[in-house]
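*Asks:* Before anything else, here's the structure in question.
No lab work stands behind these numbers, since they all come straight from the coordinates. Everything numeric in this text was worked out from a predicted model, so none of it was measured. Here the Cβ positions follow ideal geometry from the backbone for every residue, glycine too, while neighbour counts run over all protein chains shown.
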Amino acid sequence: MLIIDTRDSDSIDKALRKYKKKFEKSGVLKELRKRKQFDKPSVVNRERRKKAAYTDKLRREGKI
């Protein structure tokens, strides 16, 4: 649950902006999208290894 501290002088727009920023940082939407579809652990590990190999290749070539 997100709690936004507002002062009496704050406008609704300002409070809404604070809420949206906090919501974005919390990662709730990202988590929902991730849970929408189940990926087998072997597939997840394969993707991780693939990404690690790619970044390692870039490092060796001096592009990172």
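*Asks:* Just in the range 12-42: which chymotrypsin sites (Phe, Trp or Tyr not before Pro) are loop by DSSP and have at most 15 other Cβ atoms within 10 Å? Could the numbers behind the result be given before it?
*Replies:* Numbers: sites: TYR19, PHE23, PHE38; in loops: PHE38.
Passing sites in the range 12-42 are PHE38.
*Asks:* For the chain, what does the helix formula give at 222 nm: sum of -39500 (n - 2.57) over DSSP H segments with n ≥ 4, over the residue count, nearest 500 deg cm²/dmol? Intermediate values should be presented prior to the final figure.
*Replies:* Details: 3 runs with 44 residues, N = 64.
It comes out at -22500 deg cm²/dmol, rounded to the nearest 500.
*Asks:* Right, here's the next one. Taking trypsin sites (Lys or Arg not before Pro) that fall in a DSSP loop and have at most 12 other Cβ atoms within 10 Å as cut points, what is the longest piece of the chain between them? Present the calculation step by step, with values, prior to reporting the outcome.
*Replies:* Numbers: sites that count: ARG7, LYS36, LYS63.
That would be 8-35.
*Asks:* Between PHE23 and VAL44, how high is the FRET efficiency from 1/(1 + (r/R0)^6) when r is the Cβ-Cβ distance and R₀ = 22 Å? Nearest 0.05.
*Replies:* Numbers: r = 26 Å, r/R0 = 1.18.
Efficiency, rounded to the nearest 0.05: 0.25.
*Asks:* How big is the charge dipole of the chain about its Cα centre, in debye rounded to the nearest 20, if each Lys and Arg gets +1 on its Cβ and each Asp and Glu gets -1 on its Cβ?
*Replies:* Numbers: 23 positive and 10 negative charges, 110 e Å.
The dipole of the chain has a size of about 540 debye.
*Asks:* Let me ask you something else. If I model a spin label as a point 7 Å beyond the Cα along the Cα-Cβ vector, how far apart are those points for GLU31 and ALA53 in nm?
*Replies:* 3.3 nm
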